[in-house]
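Take a look at the structure below.
No value in this document is a laboratory result; all are computed from the given coordinates. Every value quoted in this text rests on a predicted model; they were computed, and no experiment measured them. Positions of Cβ are backbone-derived with ideal geometry, glycine not excepted, and every protein chain shown enters the neighbour counts.
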Amino acid sequence: MGVMRWLADRLAPDRRGSGGPGRQLVAHDEPRIFRHWQRTHVEPLLHELGVADVATLFGHFLRDSASRTGNPAPRFLSLGAGDCRLELRLAKAFVGAGLEEFTFDCVEPDPLLRSRGRAAALAQGLDRHVVGVDADPNTLRIRRRYDGVMADGSLDRVVRLERLLDEVQRALADDAWFVVSARIGRNGHLRWPEALAEVQRVWSQLPPSHRWNHHLRRSQPEFVDWDSSRVGDDGVRAQHVLPELLKRFSAPWFAGFANVVDVFVGTALGPNFSPDAAWDREFIAAVHARDEQLLTSGALTPTRMVTVMAAGAEPVRVHARGLAPEQCVRRG
């Protein structure tokens, strides 16, 4: 059933939801509905790539990358590592699997995030494996070769993206993987016109309780297509990430997904939806299903992706749903 018909059939105009000003979260907390959406709707796509979730994707392919390079003490590079939460999780898993010698060099320009990562590494006894690097991805000079490189949600923020990807291309050891999770929609995480029309059709059916914007701290009678790059660098190069990667790397594994659903599971509106509420779960499922229909038909292009790339030519292993990365680049 299409999302608009579902909404018309199921939505009560005066329904009181779980959102509104009384439920406001910290502006950048990951909403519970986002995690529900990931588990329920995104992870089945990742199963096509042979992994359970995003963390497993990074762990599996970085281990495989080290195996391909043959280095008994592999060194990995993480771009925009933040507080190293994912890298620490991977390091713990590597140690548990019996890998004794390895290092994650975690590039992060924010001193507060680096200090948090350092404290967490010390507390977990992983400080010799997870090392903070005080550097800005925009100006980073990579002076060694790496047995694997990862970027988890950081590339859309890099203004000098082309320069950074040139550095990564040179730094990848022979046969090493570049593992990426990224947002690839319009710059500033705005909607392209065809996607904006879909959002507005859905928006017109939402009850007031689900229109509260937790960033702007006000209700939105009409959808506000906010440019995130106006404050800071969030999404400043989002639409260039995939085409610039494809100029330099092959993509044997790839999954592109999401578009309209991003609006409703993100930090601005996501807190209005609860995974404990049946209506909210069904709404997100309906929007996601509509996205899938439009993505596979070519009417929309994805706003998110995960991929495993190589500096040299590699044969295609799996492109989830048969959707090749080249098809996910918006033309025009």
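Annotations for the structure displayed:
- Whole-Hz Karplus values for the range 61-76 come out as 7, 6, 4, 5, 4, 5, 5, 5, 7, x, 7, x, 10, x, 10, 10 Hz, taken residue by residue from phi with 6.51 cos²θ - 1.76 cosθ + 1.60 and θ = phi - 60°; glycine and proline positions read x.
- What you get for the range 139-200, charging only the Cβ of Lys and Arg (+1) and of Asp and Glu (-1), is a dipole of about 380 debye around the Cα centre.
- Computed from Cα atoms, the angle from the helix 161-171 axis to the main principal axis of the chain rounds to 30 degrees.
- For peptides 234-247, 37-50, sequence by mean Cβ density within 10 Å, most packed first: 234-247, 37-50
- Once backbone amide H atoms are built at 1.01 Å from N, Val133 has Cys106, Val107, Glu108 as its partners under 5 Å, excluding neighbours fewer than 5 places away on the same chain.
- Were the residues from Val318 through Glu162 laid out at 0.36 nm apart, the gain over their Cα-Cα distance would be 53.6 nm.
- When its C-alpha radius of gyration is set against 2.2 N^0.38 Å (N residues), the chain gives a value of 1.01.
- ³J(HN,Hα) computed for each position of the range 202-218 - Karplus, 6.51 cos²θ - 1.76 cosθ + 1.60, integer Hz, glycine/proline x: 5, 4, 4, 9, 6, x, x, 4, 9, 10, 6, 8, 7, 7, 7, 6, 7
- Kirkwood-Stokes translational diffusion coefficient of the range 171-276, alpha-carbon pairs, 10 °C, 1.306 mPa s, µm²/s: 100 µm²/s
- In units of the compact-protein estimate 2.2 N^0.38 Å, the range 214-325 shows a Cα radius of gyration of 1.26.
- Estimated purely from DSSP H runs of n ≥ 4, each contributing -39500 (n - 2.57), the mean residue ellipticity at 222 nm for the chain is -10500 deg cm²/dmol once divided by its residues.
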